[in-house]
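Step one of this worksheet: look at the structure below.
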Amino acid sequence: MNGKPMENARQFYVNVYGYVANRVVNLEVLRGDEQLSKSVAVRVRSDNPERVAVMFDKEQRLVPRLGILGVGVDESVSRLLPVLRRPGGILVTRLAASARAPTGLFLPGDVIYSVNNRYLETLDELSAVIDAYEPGVVVVLQIERDGRLSFIEVQLD
């Protein structure tokens, strides 16, 4: 994609989310023995969490150490999402292009509920908690993705 090798479908999926709708990307595809070059426009799926990001452009903010843009899940945001397993949290609206965090950890639509068992209600809380840790510290975040709760580890730089 645009000259960058994609090693698997997940990497492709994550990279597609880095482009805005209608941006043209160049793909090199290997079909059998034939190598094809195609230019395609990125489209927004109707069930795409990115649609929520556009609605909150002024409210979403960067959390650089996680490499995300997010918005707090209040009542107005909650109505736009599928039923969440828990109230509150921070919705990952986009991945930051200048992210310092490792790629592939977060996807638009993820909801971050806690850092090291500290429940979060606002984006300001998430930023403050993350910024309080020294570089090199590993934190554990509880997230919801596609209706499932899970934990991911992030080493902060």
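Figures for the structure shown
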quantity: Residue 62 vs. criteria of a type outside the set (Ser, Thr, Tyr), modelled with pLDDT of 85 or more, part of a helix (DSSP H, G or I) and out of contact with any Lys or Arg (no Cβ under 6 Å at 6 or more places or on another chain); calculated: no
quantity: Conditions (1) at pLDDT 90 or above; (2) closer than 28 Å to residue 20 by Cβ: number failed by residue 134; calculated: (2)
quantity: Hits in the stretch 132-157 (condition: exposed (fewer than 14 other Cβ atoms within 10 Å of the Cβ) and of a type in the set (Phe, Trp, Tyr)); calculated: 151
quantity: Residues of the stretch 117-138 that turn out to be in contact with a helix residue (DSSP H, G or I) (Cβ under 9 Å, 6 or more places away or on another chain) and either more than 17 Å from residue 92 (Cα to Cα) or free of Cβ contacts under 8 Å to residues at least 12 places away in the same chain (or both), as a count; calculated: 1
quantity: Out of 129, 111, sole residue that is at pLDDT 95 or above, surrounded by 12 or more Cβ atoms within 10 Å (Cβ to Cβ) and either in the same structural domain as residue 68 (by TED's automatic domain parsing) or polar (S, T, N, Q) (or both); calculated: 129
quantity: Verdict on residue 10 being under 22 Å from residue 149 (Cα atoms) and either at pLDDT below 90 or among the acidic types (Asp, Glu) (or both); calculated: yes
quantity: Search result, residues across the stretch 101-144 that are within 15 Å of the chain's Cα centre (by Cα), assigned to a strand (DSSP E or B) and farther than 14 Å from residue 70 by Cβ; calculated: 142
quantity: Of all residues making up the stretch 75-96, the number that are at pLDDT below 85 and over 11 Å from the mean Cα position of the chain (by Cα); calculated: 13
quantity: Tabulated pairs, the stretch 59-85, first in the same structural domain as residue 148 (by TED's automatic domain parsing), second at pLDDT 85 or above and polar (S, T, N, Q), C-beta under 8 angstrom, 6+ apart or interchain; calculated: 60/93; 61/127; 63/127; 68/93; 69/93; 70/93; 71/93; 72/122
quantity: Filtered residue count, the stretch 64-98, keeping only those that are of a type in the set (Val, Ile, Thr) and over 13 Å from residue 110 (Cβ atoms); calculated: 2
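The values are calculated or read from the model by the stated rules, or taken from the named source; none is laboratory data. Keep in mind it's a predicted model, so treat the numbers as computed, not measured. For neighbour counting, all protein chains shown are included, and Cβ atoms are generated from backbone atoms with ideal geometry for every residue, glycine included.
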